[in-house]
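Here is the structure we will look at.
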Ligand code: G3P
């Protein structure tokens, strides 16, 4: 499973990169605003800054909601850097844009996916990634992980090449459950990745090993 970090914070992206297990970055307009990155030119520069920190895919979201706007913006984003993946919302014109980009060799990430029907449509349109938002489904008492399982089942039935990018991952158990269910990618905060390494028996075991070593030195 690929590990993406879901942030526009350059320090956290560097920290995840230095850990050596980072495969990509996802951003969205809210994450950009959280870092105080506003204005088209600053946002475009920030995408390039992210691409220069990591080696993997960087999702950059279009703002337009009509086909022509999405194509124009998406082509501009894709031109920025070869690591850019154009993020397209799951709306009617978005489906048309996914197909356009697929036909023209531009990689896409279909975002704001909350149902298997939407995921099926994204795959049919040739999306590179599909992003089901599991945390936001959990927030409204709906099983986000079950959506991952259902999409996996359908994609495997027909050997769709679209990669399932579990998004809106909030914590470490989401990461583990997504891995069990066969998500191709997960994107979450740095804390969800770092949580994987924690175990009290590791800490106490290491403390004992070091104490025993020091007895003889
Ligand atoms: O980037 C999209 C998604 O991961 C957002 O997550 O936590 O705002 O629901 P969240």
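The numbers here are math on the coordinates, done by the rules we state, and not lab data. Quick caveat, the model's predicted, so the values are computed rather than measured. When we count neighbours, we look across all protein chains shown, and the Cβ atoms used for this are built from the backbone with ideal geometry, even at glycine.
May I ask you to compute the full-extension gain from residue 208 to residue 92, defined as 0.36 nm times their residue separation minus their alpha-carbon distance, rounded to one decimal in nm? Mind dumping the intermediate values first?
Numbers: separation 116, 0.36 × 116 = 41.76 nm, distance 5.97 nm.
Stretched fully, the residue 208-residue 92 segment lengthens by 35.8 nm.
Bin by bin, in steps of 10 Å, what percent of the Cα pairs in the chain do you find, going until the bin that has the longest distance?
The distribution over the chain is 8, 32, 34, 15, 5, 4, 1, 0, given as percents.
Between region 78-129 and region 1-40, what is the C-alpha centre distance in whole Å?
20 Å
For region 53-137, compute Rh as the Kirkwood radius over C-alpha pairs and then the Stokes-Einstein diffusion coefficient at 4 °C and 1.567 mPa s; write the answer in µm²/s, rounded to an integer.
So the translational diffusion coefficient is about 103 µm²/s.
Semi-axes of region 107-149's equivalent ellipsoid from the Cα gyration tensor, sqrt of 5 times each eigenvalue, largest first, rounded to whole Å?
Semi-axes from the Cα gyration tensor: 20, 10, 7 Å.
Among 152-160, 64-72, 93-101, what's the highest-first ranking by average C-beta atoms within 10 angstrom per residue?
93-101, 64-72, 152-160
Give the distance, in whole Å, between the Cα centre of region 173-204 and the Cα centre of region 146-172.
Using only Cα atoms to place each centre, the spacing works out to 17 Å.
Beta carbons within 10 angstrom, averaged per residue: use that to sort the peptides 211-217, 28-34, 48-54, highest first.
Descending packing order for the listed peptides: 48-54, 28-34, 211-217.
From the helices alone, meaning DSSP H stretches of at least four residues, give me the mean residue ellipticity at 222 nm for the chain, per-run term -39500 (n - 2.57), in deg cm²/dmol to the nearest 500.
On the way: 11 runs with 117 residues, N = 217.
When only DSSP H runs of four or more count, the value is -16000 deg cm²/dmol.
Order of 190-200, 134-144 by packing, highest average Cβ count within 10 Å first?
In decreasing order of mean packing, 190-200, 134-144 become 134-144, 190-200.
I want to check the label-to-label distance for residue 197 and residue 104. Put each point 7 Å from Cα in the C-beta direction and report it in nm to one decimal.
About 4.2 nm, to one decimal.
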